[in-house]
Amino acid sequence: MPLLDIKNLTLEIETTNGWVKALDKISLTIAPKEIRALVGESGSGKSLIVKAIVGAINEGWRLTADRLNWGGKDLLMLSDEERRQITREDIAVIFQNPTHSLDPTATLGEQLEEAIPDHLIGKGWYWERRQRRNEIVASQLHKVGIKEHDACVSSYPHQIPDDICQKFMIAMALASEPKLLIADDPTKGMETTTKIQILKLLSRLNETKELSILFVSHDLLAIASLAETMTVLYCGQTVESGRLMQLRRRPLHPYTKALLDSAPSFRKDLLPKTELNALEGTIPTLQNLPAGCRLGPRCPRAQKECVKMPEVRYIQNHYYSCHFPLHRYK
Amino acid sequence: MITYILRRLNLLLLTLLILALASYWLVHAFPGDPVANLSGVSFITAEQKAYLDQYYHTDKSFLNQFIRYLELLWLGDWGKSFVSGQPLVDEIATFLPASIELGTYALILSLLFGIPLGFWAGIKHGKVSDYSILSFSLLGYSVPVFWLALLLILFFSLQLGWLPISGRISLLYDIPQETGFIVYDILASNIENKYEALVNAASHMLLPTISISIVTSTIIMKMTRHSVIEVLSSDYIRAAYAKGLTSRQVLLKHGLRNALLPIVPQVAMQFTTLLTNAMIVETIFSWPGVGNWLIQAIYQEDYPAIRAGMLAVSVLVVVFTVFIDLTHKVFDPKRMHHRRVKN
């Protein structure tokens, strides 16, 4: 049974032009011990999916889904208390923008301590629990590579540099020993050595603690070194998903191909001074979404039928939604 | 931090200097002899004139005059009132505490009502309770203070007869003035019926305090509501929810402090509005405060009193504002210095 099973998740946001589907029938599954990458341009709704899973969406947004299941339980049907329990113990999130996601007026130590669930601290006197809590804080910080834990816990978020803030966010997410880690661009803005450190940490946790990871990023290199499966997102629609190797070898959706082609370090056969490929145009704004397949106006293979939303089709475990996939109608 | 405090104090000194300059300009701008306006002696003989010219350096250059004026301000010789002939420093020392007392109670009352209501409205943003609190605050904000004060007198004093119309305490109680703060003076005095005197003073205080604080509390309520809504929609609040904390924990641990911090300097700014309203209310309730005194001075063309009163009130406002600003900076962790944590 998959750990997280999302089917046709739709998130509507009210804009000046009425209700707009910011997420349109997203499907996503994560099996235990799986590392799934969620890829897409900025503005494709990656962070919205993350927020929808942990229930941190704004009031007034409409969230509907055929399935939003956690270990067989429908998250949308649970009471607030039960859902809170799940997000407290089983799911952890590393948010984008670490400096914005930390309370500016509380020290990092306070914030890390409140992320530790009670069952990890155990019973005992006040000072024993305090002692235990401090130990967990120190060990978590060491794990992500922050050596001066004392200086770190007594600092406020604005006092420490961004990359350490990011590492701190990771430490905070891992403090509750979750089953699923949702990492929203965790290596953003890090230099390569730190990035490798973090990726190694994540894959080690995946192997030793059976941690499932939803790795949200647009860093294809990092994804290739970490993830087994990948879901490609374009403008709030799931475009293609399947095993990473399969997608890399034979992408079926024009967008996936464009995305892979746009990463030069991903192509070994690239000669010096070759022109780089990129799709024409930019991702449409929420106010001007095209009908049907949202890639339509930018798609090199688009035809009349593309104004209708394509059905999800699949070849074995490889799902795609396109009227004119790359293996047909050459 | 030290440099920040020094910079603020420097600014304070400069502002005070400009205020003094403005008040000295008033001496010359008011009709009549500047020396009379300075000293408060209305009919000056030639002999006195020569003496006063020497005393106030009015026969010397402007800079010299102004420096002498500052010196006298510092020494406490602010001149005398045309009307009463009393030294102005003594008069202000009598009347200003009454105003400060009234303003303080009104501010405390507004904070007690404004912040919790604003917080509640912010949490319930977009719901019925939010809108009802908001419309109530709009109503309170739009009501003119003098009209509200008159209505309160009409209803509670004349119709129901519960509370006295005017004054600070009944004439039956003879409270020796020590600090000018009536509650403190009653407690410090050795009269027999302290408790009754306190109740009497409180009943006199109630209506003026309410009429001033309604406007201020609606403003504070709006500011709190706005700040709470802003903080609650911020990323770190959502992140805190995603950590699995309860709403209560999120609000108390992360919402409260972040929402209240930006309000503190704004509340301090309200003190000015409060003082202006207090002056009007003092006149209506015959409260023996500096506002009432100043308005009487204006009616009676008591120029030295107007000058000194303006100076005293504006100095009070400026000092208070800077003080609040400094406290805010001291307690705001966002102001603390950066330091590098090693990897």
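Taking A:Gly189, is it at pLDDT 85 or above and over 14 Å from the mean Cα position of the chain (by Cα)? So A:Gly189 does not fit the description; no. Applying the criterion of at least 1 residues that are more than 9 Å from every other protein chain (Cβ to nearest Cβ), under 26 Å from B:Asn258 (Cβ atoms) and touching a strand residue (DSSP E or B) at 6+ places or on another chain (Cβ under 7 Å) to the helices (runs of 4 or more DSSP H) found wholly in region A:81-192 leaves A:162-174. The listed residues are B:Leu117, B:Leu187, B:Leu151, B:Leu158, and the only one of them that is part of a helix (DSSP H, G or I), touching a residue at least 12 places away in the same chain (Cβ under 8 Å) and assigned by TED's automatic domain parsing to the domain that holds B:Ser213 turns out to be B:Leu117.
A quick yes/no check of all residues on (1) in the same structural domain as A:Cys235 (by TED's automatic domain parsing); (2) surrounded by 15 or more Cβ atoms within 10 Å (Cβ to Cβ); (3) farther than 30 Å from A:Ser44 by Cβ:
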site	(1), (2), (3)
A:Arg133	no, yes, yes
A:Lys188	yes, yes, no
A:Thr193	yes, no, no
A:Leu220	yes, yes, no
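Among the conditions (1) surrounded by 18 or more Cβ atoms within 10 Å (Cβ to Cβ); (2) in contact (Cβ under 8 Å) with a residue 12 or more places away in the chain, the only one that A:Gln159 does not satisfy is (2).
Checked against the criterion of being in contact with a strand residue (DSSP E or B) (Cβ under 7 Å, 6 or more places away or on another chain), among the aromatic types (Phe, Trp, Tyr) and assigned to a strand (DSSP E or B), region A:221-234 contains not a single residue that satisfies it. Of all residues in region A:97-120, one or more are surrounded by fewer than 22 Cβ atoms within 10 Å (Cβ to Cβ), farther than 23 Å from B:Ile237 by Cα and not β-branched (Val, Ile, Thr). Residues that are small (Gly, Ala, Ser) and crowded, with 24+ Cβ neighbours inside 10 Å within region A:138-156 are absent altogether.
What is the number of the single condition among (1) within 30 Å of A:His253 (Cβ to Cβ); (2) more than 14 Å from every other protein chain (Cβ to nearest Cβ); (3) of a type in the set (A, V, I, L, M, F, W, C); (4) in a loop (DSSP other than H, G, I, E, B) that A:Met77 does not meet? (1) is the only condition that A:Met77 fails.
Exactly one residue out of A:Glu34, A:Glu81, A:Glu41 is among the acidic types (Asp, Glu), exposed (fewer than 14 other Cβ atoms within 10 Å of the Cβ) and either assigned by TED's automatic domain parsing to the domain that holds A:Gly242 or closer than 20 Å to A:Pro178 by Cβ (or both), and it is A:Glu81. Sub-9 Å Cβ pairs linking a first residue in region B:18-30 that is more than 16 Å from B:His57 (Cα to Cα) to a second residue that is not in a helix (DSSP H, G or I), at least 6 apart or interchain, are B:Phe30/B:Glu301, ordered by first then second residue. For region B:18-71, which residues satisfy the criterion of being of a type in the set (Ser, Thr, Tyr) and surrounded by fewer than 16 Cβ atoms within 10 Å (Cβ to Cβ)? B:Thr45, B:Tyr51, B:Tyr55, B:Ser61, listed by residue number. Beta carbons closer than 8 Å, at least 6 apart along the sequence or on distinct chains, pair a first residue in region A:135-147 that is over 14 Å from A:Lys167 (Cβ atoms) with a second that is outside any helix (DSSP H, G or I) for A:Ile136/A:Ile116; A:Ile136/A:Ala175. Which of the residues belonging to region B:280-322 are under 17 Å from the mean Cα position of the chain (by Cα), assigned by TED's automatic domain parsing to the domain that holds B:Met205 and in contact (Cβ under 8 Å) with a residue 40 or more places away in the chain? Result: B:Ile280, B:Val281, B:Glu282, B:Trp287, B:Pro288, B:Gly289, B:Val290, B:Gly291, B:Asn292, B:Trp293. On the basis of being among the aliphatic types (A, V, I, L, M), without any contact (Cβ under 8 Å) to a residue 60 or more places away in the chain and over 17 Å from A:Arg298 (Cα atoms), does A:Leu226 make the cut? Answer is no for this residue. Screening B:Phe82 on (1) at pLDDT below 80; (2) in the same structural domain as B:Trp287 (by TED's automatic domain parsing) shows it passes everything except condition (2).
Can you tell me which residue in region A:276-295 is surrounded by the most Cβ atoms within 10 Å (Cβ to Cβ), limited to those that are farther than 18 Å from A:Ile26 by Cα and more than 23 Å from the chain's Cα centre (by Cα)? Only one residue tops the list, namely A:Leu279. Residues in region B:32-58 that are farther than 14 Å from B:Leu72 by Cβ and of a type in the set (Val, Ile, Thr): B:Val41, B:Ile44, B:Thr45.
Here A:Ala22 passes the criteria (1) buried (at least 16 other Cβ atoms within 10 Å of the Cβ); (2) free of Cβ contacts under 8 Å to residues at least 40 places away in the same chain except the one numbered (2).
Scanning region B:217-266 for residues that are in a loop (DSSP other than H, G, I, E, B), within 10 Å of chain A (Cβ to nearest Cβ) and either without any contact (Cβ under 8 Å) to a residue 60 or more places away in the chain or charged (D, E, K, R) (or both) yields a total of 6. Being away from every other protein chain (no Cβ under 14 Å) and out of contact with any helix residue (DSSP H, G or I) (no Cβ under 7 Å at 6 or more places or on another chain) is a property that holds for B:Tyr131. For A:Asp269, the stated conditions do not hold, so it cannot be described as of a type outside the set (Ser, Thr, Tyr), without any contact (Cβ under 8 Å) to a residue 40 or more places away in the chain and under 25 Å from A:Asp184 (Cα atoms).
The values are calculated or read from the model by the stated rules, or taken from the named source; none is laboratory data. Since we're looking at a predicted model, the values are computed, not measured. Neighbour counts run over all protein chains shown; Cβ positions are idealised from the backbone, glycine included.
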